[in-house]
């Protein structure tokens, strides 16, 4: 009898061991958590989150834990696991980045189930050396996106507002000193003032969007409406100018301030004039700038924000540098003003149509 008792006890112990092994196979290392690294307002992150939640319904004992890349815990987690992409899913020792599943929901689901079952999964090996999430994002900057952002800045920067003010300032400086060298100082400091104000404004507004990611949908609708309104105003202004009527975007009120700033011929005054002019240019530049910030926020280009803002603002001031450089090399301010008068209708129409076309693309996240 005791021998049968021993056999039964051994059989029970073997059964428990097999059950325990099977459980560990389904949940390697007794996993109770799956980690998801996300960025606020990122559609790719939303897809990953939805997929993880759907998969974990079949694993009642496993919970998903999210880490925001901007939080202290998120940065610590990224450094600890050497995460290179956003979004990324961490299952045990396995790190599944967005590039590993190519943005495909079914592939991410298959990789998750394989990792949860303890199977080895195939992930991309970019480098042997660790790179931070920010460095990875900078490496993955899209050349097409960079060109689009720079082009948007050029479109916003090259407008009748700029040509009118720049011709006025150049004529004021040349009449006061008669030296082309002073015009070069004006152009450089004036551009620096514009660039600084818009760059700091962009960083501040983007930080606000990241602190309140729940406003992404409302922000997208607001941007689309803003683009439609400002695009319509640009088109209406083009029509008015074509009919010989006055422009809706008048800068006469700022000319007295600029003239006084030019009289003392100080570099700080030139910089301040550029900073003030950036406020005058808001109707011309603001629409595309808001759209750019909305795209960066909604698409999760957060680690590359500074680069994209840098490119956009470079595009905004590049026309100032080019036109100012031409005048410094010998072109007269009157010729620049004639060019503005001859082409301001076309510039308004091109800008207006571009803004109107951007509106639905921003709203439906085509960009």
> Between residue 120 and residue 63, what is the label-to-label distance in nm when each label sits 7 Å out along the Cα-to-Cβ direction?
Replying inline: 3.3 nm
> For the modelled label position 7 Å from the Cα of residue 242 along Cα-to-Cβ, which residues of segment 327-367 have backbone nitrogen atoms closer than 12 Å?
Replying inline: 345-350, 353
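The numbers here are math on the coordinates, done by the rules we state, and not lab data. Note that the structure is a prediction, hence the values are computed from the model and not measured. Reconstructed Cβ throughout: ideal geometry from the backbone, glycine too, with neighbour counts over all protein chains shown.
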